[in-house]
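What follows is one structure encoded as structure tokens, with my remarks underneath.
The values are calculated or read from the model by the stated rules, or taken from the named source; none is laboratory data. All figures in this text were calculated on a predicted structure; none of them were measured in a lab. Quick reminder, even Gly has a Cβ in these numbers, built from the backbone with ideal geometry, and neighbours come from all protein chains shown.
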Amino acid sequence: MGSRMAPRLCAAGHEVTVWNRTREKAEPLAAAGARLADSPADAARGAEVVVTMLADGPAVGEVLFGAGVAAALEPEGAVVVDMSSIPPSLAREHAARLAERGVAHLDAPVSGGTIGAAEGTLAIMAGGERGSFERARPLLEAMGRPTHVGPAGAGQLAKCVNQLVVAVTMGAVSEGLLLAEAGGADPAAVREAILGGFAESRILREHGSRMIARDFVPGGRSVLQLKDLDTILDVAREIPLELPFLGLARELYAALVEHGGAELDHSALFVELERRQTAPEVSQTAPKSST
């Protein structure tokens, strides 16, 4: 995601410094105008805004407080914008620790996948102080459509809502296409027929097409979807709130990962539902993957 987002910032005229733990992955960004840093602290030093896009909460905490980013930032001026997907409670903890240093924080996870990142059309859900959001808005608008959704942690809560809807809808689209195929209809034609009706969704349009083509080269990996669903269930237990549809989706994604689908796109939920079928007319051809 970050490799697609950074060029958008360069194209918008921002001075961008990048760091990745695997330097080779960051090197192509130099052609877009970015400077390569040797460490996270080097990337953050002198920055007005620091953006993190990492795999999980522990990785964010390590980069901010273990690798020297927080210490390298100028107090009373810098803003950390964490665009990773992490638990709301951890986002609030990061915000409090940075506030002790005089550094502002936004938790601003995104939705839209690698395509949205490359095209600058990401949905960006930002939690934190309104003033910090306004300071970071020009940078965020270079990457997509930012919306301030509340105080610290609210951005991550909004991402939980997003991931809940995505996961449950992915299951519904998967089951619908399986039903069409098993019942003797053309799944591609059924998908085309219901587009524009009440079943219309981006999941049906984009991921439904991938399911039919059995193209599961990852944009969003299933193992990360599972991580997000575990986060949502933890949040729900804290409230407390019962989310039965989400519980079933989590069970299915866990089975997909267990059966070798961890690195497939999250639309490969279709494969796990297909695996559970016994009807001989349901196709069992191997899915495409990145390997």
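Observations
- Verdict on Arg137 being out of contact with any Phe, Trp or Tyr (no Cβ under 6 Å at 6 or more places or on another chain) and free of Cβ contacts under 8 Å to residues at least 12 places away in the same chain: yes
- Ala34, sole failed condition from (1) within 17 Å of Ala117 (Cα to Cα); (2) within 22 Å of the chain's Cα centre (by Cα): (2)
- From the list Gly120, Gly153, Gly128, the one residue that fits, being among the small types (Gly, Ala, Ser), touching a helix residue (DSSP H, G or I) at 6+ places or on another chain (Cβ under 6 Å) and under 22 Å from Asp234 (Cα atoms), is Gly153.
- The stretch 201-248: number of residues that are farther than 25 Å from Ala180 by Cα, in contact (Cβ under 8 Å) with a residue 60 or more places away in the chain, part of a helix (DSSP H, G or I) and not charged (D, E, K, R): 6
- Evaluating Val103 against the criteria (1) of a type in the set (Val, Ile, Thr); (2) under 22 Å from the mean Cα position of the chain (by Cα); (3) crowded, with 22+ Cβ neighbours inside 10 Å leaves one unmet condition, (2).
- For the stretch 174-182, the criterion of being in contact (Cβ under 8 Å) with a residue 40 or more places away in the chain, charged (D, E, K, R) and exposed (fewer than 15 other Cβ atoms within 10 Å of the Cβ) is satisfied by at least one residue.
- For the stretch 13-52, filtered to residues that are of a type in the set (Gly, Ala, Ser), part of a loop (DSSP other than H, G, I, E, B) and at pLDDT 95 or above, the residue that is farthest from Gly77 (Cα to Cα) is Gly33.
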